[in-house]
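Have a look at the structure below, then the notes.
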Amino acid sequence: MPKMIRKHLSKYKGTVWPFRQHPRDIDEDQATQLSVLFDLSDELKAAYDCREALFEIFEQPLSKAEEKSAIDTWVLAANPHSVLQSFIETYRRFESNILNYFTSRKSSGLVEGMNNKIKVIKRRGYGFANVINFAKRLFLDINCRADYLPC
């Protein structure tokens, strides 16, 4: 890659992490990185703002009906942003399930994360000699207490 291109791209290095964070969770340097990134793409800035608006909806202590109304309003505002179309279609397909979150404010995120971690360990551990070694790897990677390890 030519030196000029590398120099141009270097100012965008490390911008993924601040982009994934909420504005209240980033420092001044990361805010500067984001502003450089947003200067590159107005669509990216619009998508970031839409994501933050949706996050705020999920954080509000509203009823299920009020949340549905708020999300429907958000969908109408977000519709022009093509990068969000896939999410909007998924929301529409599973709307009733997603809105159930607002009844008890509980999610299966912890279980889904654990299942994903187990799948990754299974892929990495292809060729474990026996099930005990696989179980030990699971316990170690999931940060379980050592006294639960089978001997």
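Observations, loosely collected:
- With respect to the conditions (1) surrounded by 12 or more Cβ atoms within 10 Å (Cβ to Cβ); (2) part of a helix (DSSP H, G or I); (3) modelled with pLDDT under 85, F128 lacks only one, and its number is (2).
Every residue, every condition in (1) modelled with pLDDT of 85 or more; (2) of a type in the set (V, I, T), yes or no:
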| position | (1), (2) |
| --- | --- |
| D29 | no, no |
| T32 | no, yes |
| V36 | no, yes |
| L40 | no, no |
| E43 | no, no |
| Y48 | yes, no |
| A53 | yes, no |
| I57 | yes, yes |
| Q60 | yes, no |
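- Test result for L62, surrounded by 12 or more Cβ atoms within 10 Å (Cβ to Cβ) and not in a helix (DSSP H, G or I): yes
- Hey, F102 within 25 Å of R24 (Cβ to Cβ) and not hydroxyl-bearing (S, T, Y) or not: yes
- Scanning region 95-120 for residues that are touching a helix residue (DSSP H, G or I) at 6+ places or on another chain (Cβ under 9 Å), outside any loop (DSSP other than H, G, I, E, B) and either within 25 Å of L54 (Cβ to Cβ) or of a type in the set (S, T, N, Q) (or both) yields a count of 6.
- Residue that is outside the structural domain of D141 (by TED's automatic domain parsing), in a helix (DSSP H, G or I) and exposed (fewer than 12 other Cβ atoms within 10 Å of the Cβ), where the choices are R92, R123: R92
The values are calculated or read from the model by the stated rules, or taken from the named source; none is laboratory data. The shown structure was predicted, so the numbers you read here are calculated from the model rather than taken from an experiment. In this analysis, Cβ positions are derived from the backbone assuming ideal geometry, glycine residues included, and neighbour counts consider all displayed protein chains.
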